[in-house]
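This report concerns only the one structure given below.
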Amino acid sequence: MAKYDPSSQEKHWQQFWLDNGIYHFNPKSPKPIYSIDTPPPTVSGKLHMGHVFSYTHTEVLARYFRLSGHNLYYPFGMDDNGLPTERLVETELGIKGSDLPRNEFIQKCLNTVDQYHQKYRDLWQSLGFSVDWRLEYSTISPEIRTLSQKNFIQLFQKGIAYRQESPALWCSTCQTAVAQAEVEDKQKDSIFYDLVFTLEDNKEILIATTRPELLSACVAVFVNPKDKRYLKLVGTTITTPLGDKVKIFKDDKVQIDKGTGIVMCCTYGDETDLFWKKQYNFDEKIILDKNCKFNQLALSQIQGQSVTQARKTIVDYLNSKNLIKKELAIVHDVGCHERCGTPIEIINTFQWFIKVLDIKEDILKFADQINWYPKTMKSRFIAWVENLKWDWAISRDRFYGISVPVFYCTACGEVVLPKDSELPIDPLSQSTSNTCPKCHSSELKGEHLVFDTWFTSGNSPEINSNLNQNLTDKKIKIPMSLRPQAHDIIRTWAFYTIVLSFYKNNQIPWKDVAISGHLLLRKGEKISKRTGGGTIRPETEISTHSADAIRYAMCSASLGLDTYYDANEIQNGKKLVNKLFNASNFVISALKDYQPQPLNPSALLPIDLWLYQKSLETAQDMAKYFQKYDYSHPRDLSVSFFWENFCDYYLEIIKKRIYELKPSDPQKISAQTTLYYSLQNILTIFSPFIPHITEEIYQSYFASQSGLPRSVHLTSWPKITKEFKITSDHQKIIDEILKIISLVRAEKSKNGINLAQPIDILTINHPWLTSPSLQDFLFDLQGVTRASQIKIQKSPDLSISLKY
RNA sequence: GAGUCUAUAGCUCAGUUGGUUAGAGCGCAUCGUUGACAUCGAUGAGGUCAGAGGUCCGAGUCCUCUUAGACUCACCA
C-alpha cells in the first residue's frame with residue numbers, strides 16, 4: 001500500500017478546500033453564527049513560530065465550532081499600516097521615510113505590503129487554516145481608512161478625542177509620540193554624577209543625577225520631608241552648577257537613601273518631574289526639541305546636540321570647572337520604545353488623545369461582562385486599567401498610516417473637519433470643501449499626524465461586522481463570539497478594542513476572550529520581536545514535518561501557558577498521522593464486501609456497541625473542553641480513544657470476525673457497521689487537529705458514499721444518544737474481557753512469546769463470569785488471544801493460565 | 001516595591017467541585033513482530049507532588065509563611 005505523503009497531499013487538499021469553498025461563510029444558513037475577531041498580524045517582517053502557535057489554537061477551535069453546528073464566521077486581516085510596517089520598509093529598502101516625499105514613501109510601503117500579504121496568506125494556507133479568504137481585510141484599505149477616520153470624527157465631536165500640546169512620551173529614533181503601552185523597560189548602564197550646587201550661604205551641596213544634560217531645564221530641587229539633614233533648607237534658594245537659581249521643596253516621592261537624598265526636577269526627565277511640575281505649578285523650561293536635540297534654551301555648548309552627545313559635553317564642561325565630585329557606575333531600568341529600543345524622552349508636542357482616564361470604572365465593568373479564558377488573564381487587564389496614568393495618545397508623527405482627518409484654519413486655528421463623503425482623506429495631499437466653522441475662512445492647513453495602528457485595529461469587531469457585505473447579507477452582530485489573542489497585547493489590543501467599543505456602541509465587543517501564551521524556544525528564551533525565532537522558520541518546519549504534525553504539536557499545552565517548542569511533540573504528531581493512515585486503510589479494506597446500512601443498536605454485538613458508544617462519549621467529553629477554549633485535553637482524549645480503545649483493543653478483537661466469517665454473517669456485518677460509523681466519528685473528532693490526513697482518508701472512502709457530505713470538514717460533531725448505551729451488565733463483562741486480554745498479553749510477553757502465538761487452552765479463573773454470560777464475546781476472545789479453546793473456572797480472584 | 005502565574009517521574013505536561021494504590025507522552029530497560037502500522041506491539045523500572053506549618057475523618061488539590069523561576073506594573077532623580 002502506498003505511503004501517505006503529506007508534502008504533496010497537504011497542498012492538494014488545501015487547494016481542494018479553496019476550489020470547493022468548503023470554509024465559506026453561508027449567510028443563508030439557519031445555524032447560529034459563531035464569529036471570530038481574528039487578530040490581524042502586524043506586517044512587520046516574517047511571521048515566526050509564535051504566530052503559528054497562537055493562530056493554530058484559534059484555528060483548531062474554529063473547526064470545532066463549525067463541526068458542532070455553528071455557522072462559522074472566520075475572517076482574516078492584515079494590519080499593514082503604521083510604524084511597524086514603516087520600519088520594515090525602511091530596513092528592507094534601505095531608505096528613510098523622512099528623506100522621501102510622503103506620497104513616494106507611501107507608494108513604496110504599499111508595494112512592500114502587497115508582497116507580504118501574499119507571503120502571510122501562503123503561510124496560513126499551508127497550515128490548512130479554515131479561514132474564509134473572501135473575508136480578508138487590510139487595515140490600509142480605503143474602506144477601513146474611512147471607518148477609522150469616521151470613528152475619530154465622532155469621538156472628536158463628542159469631545160472624547162482631543163488635541164493638546166503637552167508633554168508626551170517620545171521616541172527620538174522613530175520621531176514620534178508613543179503610547180504608554182509601547183514603552184518597555186530595559187537595563188542600561190549609566191553613571192550617577194554628584195554635581196555641586198550652591199546654597200544661599202555659599203556652602204556647597206551635592207545632588208546626584210544620571211541626566212546632567214538636563215541641568216539647564218532644572219526648575220526646582222526636592223528633599224524628603226522626613227530627611228532631617230536638609231529640612232531646614234526647604235524654601236531657600238539654591239544655585240545650580242550652571243548658575244540658575246531655583247527653590248528647594250519637600251516631597252514624599254524623594255527617597256532619602258538614594259543618591260545624596262536631594263533631587264533636581266527638570267522639565268522633563270521622567271514622569272516624576274511631570275508630576276511635580278503639575279503639582280507645584282512650575283514654569284516649564286523645554287530644552288529638548290522633537291528631534292531630541294537641545295535648543296536655544298539649553299547651555300550654549302550643547303545646543304544642537306543629541307542627548308548622548310550633550311551628556312558627554314556637559315560632563316566635560318562641569319569637570320573642567322571641578323563641579324562633579326563623584327561618578328558612580330550603575331545599571332538601571334530605562335523606559336524604551338519596544339519597537340526600536342531607544343530610551344523614551346518626554347517632549348512637548350501637539351498630539352491627539354482619547355480620554356481613557358475618565359472611563360476606567362466603565363471599562364472595568366465591561367471586563368466583568370466578558371468571559372476570559374483562562375480566567376486569570378482578566379486580572380492582568382484589570383491591573384493595567386487601574387494603573388493607567390496617561391490618556392491614550394493616538395497620533396504618530398509618521399508617514400505611512402491612516403491620517404488624522406482634520407484641517408486647521410490658518411486664520412483662527414480652529415479645527416475643521418472634512419465631510420463624511422470626502423473620506424478617506426489625506427489632509428496633506430487632499431482638501432476639504434468645508435470651511436472654518438468659526439471664521440468661515442477657506443484657508444486651511446492639513447494635519448500631518450497619522451493614527452497609531454491600534455486606533456484602527458481597535459475597531460476590529462466593527463471592521464469584521466462590515467466586511468464584504470455582499471457575502472454576508474446578515475450583519476455580523478456585536479458582541480462577536482470570540483476574540484482570540486496572545487497575552488502580550490492585553491494592554492493594547494484588548495484594552496483599546498474595549499475602549500472604542502464602549503464609546504461607539506456602549507457594548508462589549510465580544511462575549512469571550514481566549515488568550516494564548518507564548519511559544520518559547522528553550523527554557524526562558526522568548527521568541528523576540530527582533531530575532532523572530534532565529535533559524536526556526538515556520539515555512540521550513542511545515543515543509544519538513546507537515547502541517548498536521550505542527551498543528552498537533554502546537555496544541556500540547558493548556559491555553560494561556562507559555563510552552564516550549566518541543567521536537568518530541570512534532571514526532572508524536574507525525575506518528576499519529578501515520579497510525580491513523582494505517583488503521584484507516586485496514587478498516588477500509590475490512591469494509592470491501594460491506595454494504596453500508598443504517599446504524600441499528602439492536603443489530604450490534606455488545607462489544608461493537610461498546611466501541612461505538614465510546615466514540616460518542618469521547619466526542620462529548622472533547623466538546624466540554626472545547627467550549628471552554630481548551631484544545632489540549634480534547635487532543636489527548638481523541639488520541640487515547642483512537643490509539644488504545646480503537647487500535648490496540650477493538651481492531652484486534654474483531655479481526656477474526658472480519659477474516660473468517662462470511663459477508664452475510666450478522667456478526668461480521670455488526671463489526672463492519674461499527675467500523676464504518678466509528679471511523680467516521682474518529683475522522684471528525686481528529687479533523688480540527690489534523691485536517692489534511694483526515695480529509696485524505698475521508699475522500700478515499702466516505703466522500704463517495706451516498707448521503708455523506710463532500711468533505712470531512714462538513715460533517716457534524718458526533719452526538720451521544722440514549723439508544724447507543726450498552727447495558728451495565730454488558731459493560732461489566734467487557735471490563736473483565738479487557739482485563740483478560742491484557743493478562744494474556746502480559747503472560748505471553750513475560751515468557752518472550754509472540755502475541756500471535758496460538759494457544760491450545762486459555763483457562764480463565766473468575767469469581768462470576770460464566771460460559772453463558774461470555775457467549776457473545778467468545779469468538780472475539782478466541783481471536784484476540786489466539787486460543788483454540790477457552791475454559792472458565794470459578795475462583796475468588798481473576799487469573800488466567802495458558803496451555804500451548 | 002506591588003500584582004499575577006508557575007513549581008508533580010530524567011524531559012514536556014495532565015490531575016475538573018479535597019475522596020481508594022498520583023497519570024500520559026517521550027526517554028530508559030526487557031521482550032516480541034510474516035495479515036493495518038518498527039512512524040509498531042507487550043511488559044516493566046522510575047515520584048517523600050519545591051519546603052514548613054495549618055484546616056479537615058481525609059490535602060497534589062483549600063489557607064498561611066518560606067524558597068526558586070516567569071510575566072506584568074511601578075521605581076528608574
*In whole Hz, with x marking every Gly and Pro, tabulate ³J(HN,Hα) for region A:91-104 from phi via Karplus 6.51 cos²θ - 1.76 cosθ + 1.60, θ = phi - 60°.*
6, 5, 9, x, 10, 10, x, 6, 8, 10, x, 4, 4, 5
*Where only protein heavy atoms count, and the probe is 1.4 Å, what is the accessible area per residue for region A:495-654 in Å²?*
40
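Over region A:20-70, average the accessible area per residue using a 1.4 Å probe and give it in Å², no decimals. Show your work: numbers first, answer last.
On the way: 1500 Å² over 51 residues.
Here the residues of region A:20-70 average 29 Å² of exposed surface.
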*asked:* Nearest 10 degrees is fine. How inclined is helix A:271-280 to the longest principal axis of chain A, computing both from alpha carbons?
replied: 50
*Can you give me the Cα centroid spacing of region A:760-783 and region A:252-279 in angstrom?*
86
_How large a share of the accessible area of region A:728-804, in percent, is made up of carbon and sulfur atoms when the probe is 1.4 Å and the other protein chains stay in place?_
50
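Using the per-residue mean of other Cβ atoms lying within 10 Å as a proxy for protection, in what order, highest first, do the peptides A:67-76, A:746-755 fall? Could you put the intermediate results ahead of the total?
Details: A:67-76: 21.2, A:746-755: 11.6.
Put in order of decreasing packing, that is A:67-76, A:746-755.
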*Using θ = phi - 60° and the Karplus curve 6.51 cos²θ - 1.76 cosθ + 1.60, what whole-Hz ³J(HN,Hα) does each residue of region A:382-397 get, with Gly and Pro shown as x?*
4, 4, 5, 4, 5, 9, 4, 10, 10, 5, 7, 7, 9, 9, 9, 7
*5 angstrom amide H check on residue A:444, placed H, neighbours 5+ away*: A:410
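Which of the peptides A:138-144, A:560-566 is most tightly packed, and how do the rest follow, going by the mean number of other Cβ atoms within 10 Å of each residue?
Taking the mean over residues of other Cβ atoms within 10 Å, the ranking is A:138-144, A:560-566.
Considering all alpha-carbon pairs of region A:126-210, what whole percent are spaced by more than 22 angstrom? Each step should come with its number before you reach the end.
Working: 2425 of 3570 pairs.
Counting pairs separated by more than 22 Å, the tail of P(r) holds 68 percent.
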_Local electrostatic count, residue A:553, Cβ distance below 12 Å [Lys/Arg +1, Asp/Glu -1]_ = 0
_For chain A, give me the percentage of DSSP beta bridges that are antiparallel, rounded to the nearest 5 percent._
70
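By the scheme Lys and Arg +1, Asp and Glu -1, what is the net charge of all other residues having a beta-carbon under 11 Å from that of residue A:578? Working shown, then result.
Working: positive: A:3, A:574, A:575, A:579; negative: A:548.
My count for the surroundings of residue A:578 gives +3.
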*Expressed as a whole number of Å, what is the distance separating the alpha-carbon centroids of region A:486-517 and region A:64-89?*
15
*Between residue A:790 and residues 5 or more places away or on another chain, which pairs have amide H atoms under 5 Å apart, with H built 1.01 Å from N, and which residues are they?*
A:762
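Rounded if a/c is under 1.5, else prolate if a/b is larger than b/c, else oblate: which is region A:209-264, with a ≥ b ≥ c the root eigenvalues of its Cα gyration tensor? Could you put the intermediate results ahead of the total?
On the way: a/c = 2.29, a/b = 1.37, b/c = 1.67.
Judged from the Cα gyration tensor, region A:209-264 comes out oblate (a/c at least 1.5, b/c at or above a/b).
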*Can you send over the carbon and sulfur percentage of the accessible area for region A:458-509, probe radius 1.4 Å, protein chains only?*
49
*Radius 11 Å from Cβ of residue A:13, net charge of other residues (Lys, Arg +1; Asp, Glu -1)*: -4
*³J(HN,Hα) computed for each position of region A:713-720 - Karplus, 6.51 cos²θ - 1.76 cosθ + 1.60, integer Hz, glycine/proline x*: 7, 10, 7, 10, 4, x, 10, 7
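How high is the relative contact order of chain A? Use alpha-carbon pairs under 8 Å, at least six apart in sequence, and give a whole percent. Working shown, then result.
Working: 1415 pairs, mean separation 112.6, N = 804.
Rounded, it is 14 percent for chain A.
Enter the accessible area per residue of region A:155-257 (Å², integer; probe 1.4 Å; all protein chains in place). Provide the component values of the computation, followed by the final result.
Details: 4750 Å² over 103 residues.
Normalised by residue count, the accessible surface of region A:155-257 is 46 Å².
Leaving out ligands, DNA and RNA, and with a 1.4 Å probe, what % of the accessible surface on region A:640-685 is carbon or sulfur? If you can, show how the numbers build up before the last one.
Values: 780 of 1580 Å².
Carbon plus sulfur share of accessible area: 49 percent.
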*Computed accessible area, residue A:477, all protein chains, 1.4 angstrom probe, square angstrom*: 140
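The values are calculated or read from the model by the stated rules, or taken from the named source; none is laboratory data. In this text the structure is predicted, and so the values were computed from the model without any measurement. Methodologically, a virtual Cβ is constructed for each residue, glycine included, from the backbone with ideal geometry; neighbour enumeration extends over all protein chains shown. The protein model used for the area step is the full one, side chains on, heavy atoms only, and it has no ligands, DNA or RNA in it. Shrake-Rupley method; radii C 1.70, N 1.55, O 1.52, S 1.80 Å.
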